């Protein structure tokens, strides 16, 4: 009974979703999203620890290096999206950890996006408008926000 589909009755095609089904859908998106992010981050940390190559190098020694996202001595993190994906394709541990963290940050945005779609299907214009504003603020903040 761990199957997400079996937790809630199947809905005929075109039928509106019940609140319970929407809650299960959003819960599963967040649950499996967090698990995926945790696996990606753990993979990056494990790669970083394996590449440290020193006997006795502990997670406490490796993790600060990974979180600074230094690809090579003295170099900073990738500055463009293309450079980020090139670094990820070379299995750079710091970039893999960063990818997991980025996906974790994007999960609430995805949840709000799904909620907009649910309200559109329900034809609830007030909640579509409110949720769209929240979505726009989140996307704007992620796209144009600056670190303090």
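Every number in this text was worked out from the coordinates using simple rules, so none of it is lab data. Bear in mind that the values here come from a model prediction, so they are computed numbers and not experimental data. Don't worry about glycine lacking a Cβ; one is built from the backbone with ideal geometry, like all the others, and counts go over all protein chains shown.
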Two-site label geometry, residue 46 and residue 126: point separation in nm, points 7 Å out along Cα→Cβ: 5.0
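Among 20, 122, which comes first, second and so on when ranked by fewest other beta-carbon atoms within 10 Å?
Working: 20 11, 122 14.
Placing the least packed residue first, the sequence is 20, 122.
Going highest first, how would you order 38-46, 136-144 by mean Cβ packing within 10 Å? Let's see the in-between values first.
Details: 38-46: 16.6, 136-144: 11.1.
The most tightly packed comes first, giving 38-46, 136-144.
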For peptides 27-35, 108-116, sequence by mean Cβ density within 10 Å, most packed first: 108-116, 27-35
